[in-house]
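Notes follow the structure.
The values are calculated or read from the model by the stated rules, or taken from the named source; none is laboratory data. All figures in this text were calculated on a predicted structure; none of them were measured in a lab. Here Cβ is always computed from backbone atoms with ideal geometry, including for glycine, and neighbour counts include all displayed protein chains.
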Amino acid sequence: MIISKSAKAALLLILLSLAACTAMPLIVQMGAGGQNNTDSDMPALENWLETEHFVLRWTNHSRHLKDNIADPAIIEETSRYLEIAWNKYVDMFGRKPYTAPGHDKVLVVFRDIDCYGLADPPDGPIQFNSCAWVKKPGIRQPTSAHELFHKIQYAFGYKTQWRPEKPYLWFTEGTAAWSEVFVWGRVSRTCKVDTIFRNTKLDLYEADDMAMPFWIYFVGGNSEKPNNQLMVKLLEKCEALKDVKKALLEVIQETYGPPDKFFAAFAKERKNGFWSDECSVPYSCILGPDGNDMVDKVKSYQKKAGNG
Ligand SMILES: [Zn+2]
């Protein structure tokens with residue numbers, strides 16, 4: 001379907017008034033046409049939407065039907081989520097997400113990829129899975145925050161100045177999963193919250209994005225006053241030391257005392273105490289993509305483990 005000029009103008013007006021009345025980031029421009037790309041797998045993305053910090057591109061004309069998004073409101077909604085995450089990160093981390101040299105905005109493309117989102121390599125665009133984006137609205141908030149957080153990691157030198165030794169996904173994917181909870185209190189896949197409690201023998205360093213609860217524990221996110229600044233400290237130390245484990249041990253030592261004790265306490269609480277507190281703590285509720293609270297699920301695992 002080709003959108004006529006007047007329909008496009010009307011849509012832009014609606015979007016602008018939406019942005020104005022909800023005090024959301026203003027859309028700079030929206031349009032169609034004029035995209036060249038060098039990646040042969042990339043469909044021609046004829047539509048674009050420019051906001052304060054992002055340029056979002058998508059298609060509804062790909063012969064590969066899974067690339068297509070027909071409803072521009074989905075893109076507009078995503079752009080708002082990205083701007084909210086951007087502002088939260090800049091406030092917390094004191095620096096902007098990494099942008100490719102010569103660019104001050106992040107390019108975001110929608111097409112058929114084999115995961116929900118991708119932000120690799122650092123100079124490349126953020127990519128979102130068009131089909132999943134249309135079918136699973138519940139992933140839009142967490143996945144957009146997650147991919148943008150990888151750009152924060154790049155801003156602290158990960159992959160741009162230093163590379164961690166394997167295994168490192170418990171850190172890179174684990175902290176990006178933490179950012180989903182930090183920004184939205186919601187994750188894109190339930191396994192990120194419950195696996196580590198369901199399988200208490202799962203090695204933290206092999207847990208990839210399912211290490212997420214460790215990072216909540218690290219910032220005291222299941223207590224009355226989480227110390228999210230610890231995540232800032234950690235990334236600053238990673239940048240200075242170019243070594244994730246060293247950086248983490250230093251932050252733990254400075255904040256909590258001996259790291260061995262800290263890890264032992266986490267291992268224990270993972271079995272029977274984590275999130276057992278009934279009081280209203282900041283991360284007392286974490287939604288899955290379907291909108292169900294995952295924390296209650298975790299508590300039920302722990303009760304079973306505690307009783308058994
Ligand atoms: Zn990721």
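Worth a mention:
- Candidate set: region 115-157, residues that are acidic (D, E) and within 12 Å of the ligand (Cβ to nearest atom); chosen: the one nearest to the chain's Cα centre (by Cα): E147
- Of the candidates G273, G185, the single residue that is over 22 Å from G117 (Cβ atoms) and in the same structural domain as D293 (by TED's automatic domain parsing) is G273.
- Condition met for F171 (away from the ligand (no atom under 16 Å from the Cβ) and buried (at least 23 other Cβ atoms within 10 Å of the Cβ)): no
- Residue list for region 191-215, filter: among the polar types (S, T, N, Q) and touching a helix residue (DSSP H, G or I) at 6+ places or on another chain (Cβ under 8 Å): T195, T200
- Selection within region 50-94 - of a type outside the set (D, E, K, R) and over 19 Å from Q141 (Cα atoms): T59, N60, H61, S62, H64, L65, N68, A70, F93, G94
- Hits in region 167-200 - residues which are closer than 15 Å to V298 by Cα, assigned to a helix (DSSP H, G or I) and touching a Leu at 6+ places or on another chain (Cβ under 7 Å): T195, I196
- In region 256-280, the residues that are under 15 Å from G220 (Cα atoms) and of a type in the set (S, T, N, Q) reach residues that are assigned to a helix (DSSP H, G or I) and at pLDDT below 95 with C-beta atoms within less than 9 angstrom, at least six apart or across chains, in these pairs: S276/E269; S276/K299; S276/Q302; S276/K303; S276/G306.
- Selected residue (criterion: modelled with the lowest pLDDT) from residues of region 269-301 that are hydroxyl-bearing (S, T, Y) and part of a loop (DSSP other than H, G, I, E, B): S280
- Any hit, region 183-202, residues being within 27 Å of A240 (Cβ to Cβ), within 11 Å of the ligand (Cβ to nearest atom), of a type in the set (A, V, I, L, M, F, W, C) and touching a Lys or Arg at 6+ places or on another chain (Cβ under 9 Å): no
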